[in-house]
Each structure stands twice: as structure tokens, then as C-alpha cells.
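Chemist: Provided herewith is a single structure, encoded as C-alpha cells, for subsequent inquiry.
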Amino acid sequence: MAVVVFQNGLLAQQQPDVITAIEIHGNRSIPADTIRAHIFTRPGDIFDQNAIERDFNSLWNTNYFEDIRFEREATAKGWILHVYVKERPRVKDISYLGINAISKSDILERFKTDKVGLSPESQYDPTKIKHAEVVVKQLLAEHGHQFATIRTEIRPIPPASVGVTFVVREGPKVKVGHIRFEGNRHVSSRELRHAMHFLRPIGVPHSIFLENLFAKTYDATKLEDDMELVREAEQNRGYFKAVVGDPKTQIRDTGRTGFHIPLLQHGPGKEIDITVPIEEGEQYRLAGITFSGNKTLNNSKALRGVFQLKDGDVFSRQKFAKGLENLKTAYGTQGFINYTPVPTPTFDEAKKTVSWNIEIDEGKQFYVRRIEFQGNTTTRDKVIRRELNLEEGQQYNEQLWKVSLQRLNQLGFF
């Protein structure tokens, strides 16, 4: 990995210090023109040792080569610069042994997301191999295999390629153990646990004894989603400012290490207990809902009627979201496709109430210009058109369009 320059002393005294040619040696798959493009020195330039070092660094930083050597040959007209390179081998194939919890497509997708840069026909780079090992191990941990180990085997494939094999030992699958909540003074742990969807045990809902029959496999990627559902459960009960802290996890050994009775006693395994800190805060009731920016649908009383929440009710995030959805439907029936609501809360800490103002950007009102059909090789347009509740030139109505599509699907022609 050094710049080596040779010269003939006698000729060096007699010939000019000009570079007459640059010749590339040792390249197999990388074109000589590509290599020359990374060399700033050109034929006709005066030989400069600092420039040669700059060219060496430029080539080395491409990560195409594992060895680079510069030499110069003296001639009567000047210097010939010889660049000797040894390319890094290319990755011919990549295989995975011992993976069951995840698929090859899962790995390739994660490689793409994390920009690993390892794929067939890519340059072999040990740092990319190590990065790939870390990514695969993280992926296995997310699917319950916290103790997976990975060993990489590199085998040469003549003339200048390598094969990469990831040998995986997934280890025991980690199940979800106890799920506990700390700081929830008003909403019970059972209610919060039931709000979780991805990691809570499988069992009979609302049953005291049969609620936790089968533990699920621990998946770290789903924990954040479950924590958002826990926060939503608090907000649906009026605790709008509830804070769900980062869950604490602890792995422990479970089951029997010696003889055990199948189905009645579990063999050795791993479980991860989850403890969730919660700050509930105060419970808020709804003080009112107002609207601004509603120029076309200016009947605020009618808009308020699409919300199930009444003034004085305990605030519910779920019911409020349903009201916003109903509001979108109401505007959709009037042709406002690009309607956008911006709700802003105002809290009265003395009365423990929350008021909402919904700033409405109605956008433009759309009409049906033309209705065209494609793919109906047998059924005529007029047969399809008579099932539609919308006509050309009519104000667009989202609800009528959905009903029209439903009627078309019920025909059984398509």
C-alpha cells in the first residue's frame, strides 16, 4: 500500500521531466479508462511526486483495490507512468445457513434499508461483511432470537471471486414474560395490557384465569407500536397528557433443565419481562369544539353534530378521531377531495377541560368531468355506466362513488 517510484539515474539526467504516457496493469473487470478517470495526472504534465501521492489516494479511496503500486520508466522523450493494481475479489454468491425465523427476502430488505452494500457482483469488503453480520443479528433479535450467533465463511472462487456463507445459530426463541405497568393510578394494568396488540399473551379476552394462555414471541420492533396503543388507551379515558416512558426489559431463564413432561411442563427457554413506566397526569373533559375556515359548509352546528363526543364528556382520543373521519366524509360528499383539518387543543387546568378549534382548509370543490372505462372487453360501457350513481358534469361525491364501486363489484362481471 505504498507509492513506489523507480528511475534510471543516467537517463534521468538526460531526458525531460515530462510524463509521456500512463499505462494500467493488473485490472480484470474494472476498465482502464475508469482507473484513469481517478488519476488527475495526465500525459504532458511535469512529473510531481506530490501529485502521484494524490493520485494514489484517489485510487485507494475507491475501495476497488487491495493493492496499488506506481512506477515510472525513463525514456528519451520523458517518463512512462506505470500503475499496477490488484482488484478486490468480487462476491460471486451469498448464502445463509440455519435461518428459520426470518427469510432471505427479510434479510435483503434490511440490507437495503441499512445500506449494507453487500450483494452478488459487489466488491468484497470485510467491513461490509461485519456490517452484514450485525444487521442479521439485529433482525434475528427483533424476531425473538436474542442469543443468535453468526459465523461468516469466505471461500475463493477462481479466478478472482469469493463466495460468502453466513452460518447462523438462532439459539432459543425468547418469549414475552410478565408485562407490568408502573404509575398507572386510574387505568388498570389489565386494561392497558388488553390495549396492546402485538406482544400481549393469547387467551380468552376479559377472562381472569384464561387471559394469558400462550405467550407470544418477543419482537422488539413491535414494542414501540404497543406502547403507542397503551398511550391511546390512557387518552381514551381522558388522560390526554399521559406519558408512556421507555419500557424496561429483562431476560430470564424459564422451564425445567432436566426431565419434564411434554405439554404439562416446559423445557428450558428464555422469557423477557417488560416493565412500562406511566405518568397519567390529570383527566380532562371536553369543553367544546369550534371550527374556523369553513367557508362553504358554514353551518358549525351541523359540523359539530358529526362528533359523538358531547360537551362535558370525558375526552376520548378514539371518539375524537372518529369525528374527524366523519368530518372528512361530510366534505367528501360536497366534492372537497383535498379537505385538510388542523385541530388545536386549549387546556383549562383549573377546570380540567380541553377545548378544540379545528382549522379547516377546504381546498377546491371538484366536479366529474369524464368517466372512462378500461379493460371491459365484453361488457359494454352503458351497462357499467347505469350502475354508477355519479354522472359527468355532476358535483363529485365520495360516498356516491364508493356505492357505485360496490354496485359494480356486486354484478359479478369483473
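Chemist: Tell me, which residue of the stretch 139-151 that is surrounded by 15 or more Cβ atoms within 10 Å (Cβ to Cβ), out of contact with any Gly (no Cβ under 7 Å at 6 or more places or on another chain) and modelled with pLDDT of 90 or more is nearest to Gly117 (Cα to Cα)?
Modeler: Here the residue is Leu139.
Chemist: Here is a check on your reading of the model: is Thr34 exposed (fewer than 15 other Cβ atoms within 10 Å of the Cβ), in contact with a Phe, Trp or Tyr (Cβ under 9 Å, 6 or more places away or on another chain), free of Cβ contacts under 8 Å to residues at least 60 places away in the same chain and at negative phi?
Modeler: Here the answer is yes, as Thr34 does meet what is asked.
Chemist: Working carefully through the options Val176, Val168, Val164, find the one that is under 30 Å from Val244 (Cα atoms) and either in contact (Cβ under 8 Å) with a residue 40 or more places away in the chain or not in a loop (DSSP other than H, G, I, E, B) (or both).
Modeler: Val176
Chemist: Is there a residue being assigned to a strand (DSSP E or B) and among the aromatic types (Phe, Trp, Tyr) anywhere in the stretch 333-356?
Modeler: Scanning the stretch 333-356 turns up at least one residue that is assigned to a strand (DSSP E or B) and among the aromatic types (Phe, Trp, Tyr).
Chemist: Sort through Ile278, Ile289 and tell me the only one that's over 28 Å from Gly183 (Cβ atoms), modelled with pLDDT of 95 or more and part of a strand (DSSP E or B).
Modeler: Testing whether each residue is over 28 Å from Gly183 (Cβ atoms), modelled with pLDDT of 95 or more and part of a strand (DSSP E or B) leaves just Ile289.
Chemist: Here is a further query. Tell me which of these Asn100 doesn't satisfy, since it passes every other one: (1) surrounded by 14 or more Cβ atoms within 10 Å (Cβ to Cβ); (2) under 17 Å from Ala148 (Cβ atoms).
Modeler: (1)
Chemist: Assess whether His186 counts as being part of a loop (DSSP other than H, G, I, E, B), farther than 24 Å from Gly269 by Cα and in contact with a Lys or Arg (Cβ under 8 Å, 6 or more places away or on another chain).
Modeler: Taking the combined requirement at face value, the residue satisfies it.
Chemist: On to the next question. Go through the stretch 173-197 and report how many residues are surrounded by 15 or more Cβ atoms within 10 Å (Cβ to Cβ) and under 19 Å from Thr221 (Cβ atoms).
Modeler: Total meeting the criteria: 8.
Chemist: For the condition touching a helix residue (DSSP H, G or I) at 6+ places or on another chain (Cβ under 9 Å), more than 30 Å from Arg169 (Cα to Cα) and modelled with pLDDT under 95, what is the one hit in Val3, Val83?
Modeler: On the way: Val83 fails: modelled with pLDDT under 95.
Only one candidate qualifies: Val3.
The values are calculated or read from the model by the stated rules, or taken from the named source; none is laboratory data. Just so it is clear, the model here is predicted, and its values are computed rather than measured. Glycine also receives a Cβ, built like all others from the backbone with ideal geometry; neighbour counts cover every protein chain displayed.
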